[in-house]
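A.B. asks: Can you read through this structure? Questions will come right after.
Read-outs: derived from the displayed coordinates by stated rules, not from any lab. Worth saying up front: this structure is predicted, and the values here are computed from it rather than measured. In this analysis, Cβ positions are derived from the backbone assuming ideal geometry, glycine residues included, and neighbour counts consider all displayed protein chains.
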Amino acid sequence: MKKHFKYPLLFSLVFLLVNCAKKDLPPDYDLLSVEAYSPVYPVLIGKENNPVFRINIKPKSKENSSLEKLFVNLDGTLNLETIKKVSVFYSADEEEFSTENVFAVATDVSKKISLIGNQKLMGSDNYFWLSIALNEDADLDHAINAVFTKMVVNSTTVSVGAATNNAPKSMGHALRQHNDDGVDTYRIPGLATTNQGTLISVYDIRRNGSVDLQEDVDVGMNRSTDGGQTWEPMKVIMDMGEWGGLSQKENGIGDPSILIDRQSNTIWVAALWLHGYPGKRAWFASQQGLSPQKTGQFMLVKSEDDGLTWSEPINITEQIKKPGWFLLLDGPGKGIMMEDGTLVFPAQFKDKNEVPHATIIYSKDHGETWNIGTGAKSKTTEAQVVELTDHSLMLNMRDDRGSGPNGRNGTGARSVAITNDLGKTWSEHPTSRKGLPEPVCMASLIKHTYHGKDVLLFSNPFDQYVRQNITIKVSADEGTTWEEKNFFLIDEGKGRGYSCMTSIDENTIGILYEGSQSDLVFQRIKMTDLVDNN
């Protein structure tokens, strides 16, 4: 028997309200879905727009729909005075961040913001990006938490679902950006902490383009005396000018590596100088011999006043390069001082058959004279070095056998070798070619003391195919194991991928890297974020 309800109109109204509450929009509304995405990008001081959250609105039908309002929630942002402005940009059906189409901007920042605009929605994908701009005095140890919560489409309020992995965004510095000071590109980071606690960053100033030497390239430097919170203006510390009557384009110097002599308080920076060979790349152009007219030159500069002033370039090529080699250059990145006072730079050379080998150079007299080791392994290049507990040296090397940015065989991994005699002989480490995946790229390796125990920290693009996912990893057993629980992703985007770390204090690491959001990004990383709250 068919049932009859006493109040059919009331029942229908209740049914409609319940269903609308569940979906937050009428059942017959023309939206198919709203997808939320929270990328792992740093939010950078000095960068006008930093993407932090994205939604993709997909209409069900081709009927006209317009986005009229977006609601932003900044709960979880510790200090709202950090934020200069909040913006929303529309990138149509292109999922990559773009600032071409502005939906709305708010400079009056509060925990909850409504941004009013008018954007007609297309028939397929409609990407809207939430962007944050920081004030110059933003505290790098704080974080940003910013999401879309709701939107209004055709006068109807619609909820925005939560994104996966919506962790607060770390802050940092866009230390060097494309076109800063009229320079096209900044590359090849080095970073160290002096005895006075000053951070010294070094890098390539590639004035006319992004290409490697040979071009008009100098070595630049910035200082920070407050742990990377603020930075002094750039200073050029290596510039070969128009040496030999040739132009700046034929006297480029770059690929820097930095080292601190803890006993003498001297800062050393090494770099490669190439003379002549216009329009050619140093890696292929440099020839056998020792003179600047024939081959790349291994150059040093030093500072004895905490990086305020620097010496003229010092050429040590004849001390350490064999005439039959085609090229000799430094790491790049950074070197170390061993416990016995020996200064060690990672280095690389192309032998008489043009086969590359990673190695080390070292000085036992505080930089007066230098010596070189043998090749640790063929087809290895850019390396970093640490001293282990038994005073042996671990050399962590880029290996050309990997897949590379354009390869797809998935075999990219770091080579690792150990020497007990300053590079006269080498033995392969058990983790070599398997413990640390890479897409063939420079990486960083440092030793850090935390709660009285030495740990190794490693950073690189954590991918075997492309330079993306800049990740810091921690090993508590001198590189024998690298546990996944101690992997910390800081930038998931694509970039050039080079990085260099330094210990700021026991609880804080500094990293300078070629990121997806700026040529060179600096961030402060807490050790508590790296070691699984241990």
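A.B. asks: Mind pulling the angle between the C-alpha long axis of helix 8-23 and the longest principal axis of the chain? Nearest 10 degrees, somewhere in 0 to 90.
C.D. replies: 10 degrees
A.B. asks: May I ask you to list the aspartates and glutamates whose Cα is less than 19 Å away from that of LYS526, ignoring any residue fewer than eight positions away on the same chain?
C.D. replies: Within the straight-line cut-off, LYS526 pairs with ASP139, ASP141, ASP226, ASP454, GLU483, GLU484, ASP491, GLU492, ASP505, GLU506.
A.B. asks: For the chain, what is the mean residue ellipticity at 222 nm derived from helices alone (per DSSP H run of n ≥ 4: -39500 (n - 2.57); sum divided by total residues; nearest 500 deg cm²/dmol)?
C.D. replies: -1500 deg cm²/dmol
A.B. asks: State the Cα centre-to-centre distance between the stretch 507-534 and the stretch 359-400 in whole Å.
C.D. replies: With the stretch 507-534 and the stretch 359-400 each reduced to a Cα centre, they are spaced 25 Å.
A.B. asks: Pairs LYS85/LYS169; LYS169/LYS447; LYS280/LYS322; LYS321/LYS377; LYS334/LYS424; LYS235/LYS280: which exceed 19 Å Cα-Cα?
C.D. replies: LYS169/LYS447; LYS280/LYS322; LYS334/LYS424; LYS235/LYS280
A.B. asks: In whole Hz and in residue order, list the ³J(HN,Hα) couplings for the stretch 517-524 that follow from phi through the Karplus curve 6.51 cos²θ - 1.76 cosθ + 1.60, θ = phi - 60°; x for Gly and Pro.
C.D. replies: 10, 6, 3, 10, 10, 10, 9, 9
A.B. asks: Enumerate the amide H contacts of MET238 below 5 Å, restricted to partners 5 or more residues apart or on another chain; note that Pro and chain-start residues carry no placed amide H.
C.D. replies: VAL219
A.B. asks: Computed from these coordinates, which is semi-axes √(5λ) of the Cα gyration tensor in Å: [x] 30, 30, 20; [y] 51, 24, 22; [z] 35, 26, 22?
C.D. replies: Label of the calculated value: [y].
A.B. asks: When the Karplus curve 6.51 cos²θ - 1.76 cosθ + 1.60 is applied with θ = phi - 60°, which whole-Hz ³J(HN,Hα) does each residue of the stretch 172-188 get, with x for Gly and Pro?
C.D. replies: Per residue, the Karplus-derived 3J(HN,Hα) values read x, 10, 7, 4, 9, 10, 3, 6, 4, 6, x, 9, 5, 9, 10, 9, 6 Hz.
A.B. asks: Under 17 Å Cα-Cα from LYS58, which aspartates and glutamates qualify once same-chain neighbours fewer than 8 residues away are excluded?
C.D. replies: ASP24, ASP28, ASP30, GLU35, GLU68, ASP93, GLU94, GLU95, GLU96, ASP125
A.B. asks: Would you list, by chain and number, the aspartates and glutamates whose Cα falls below 16 Å from the Cα of LYS249, excluding same-chain residues fewer than 8 positions away?
C.D. replies: Partners within reach: ASP184, ASP204, ASP212, GLU215, ASP216, ASP218, ASP239.
A.B. asks: When only DSSP loop residues count, what GluC sites (Glu not before Pro) in the stretch 289-363 have their Cβ near at most 10 other Cβ atoms within 10 Å?
C.D. replies: GLU339
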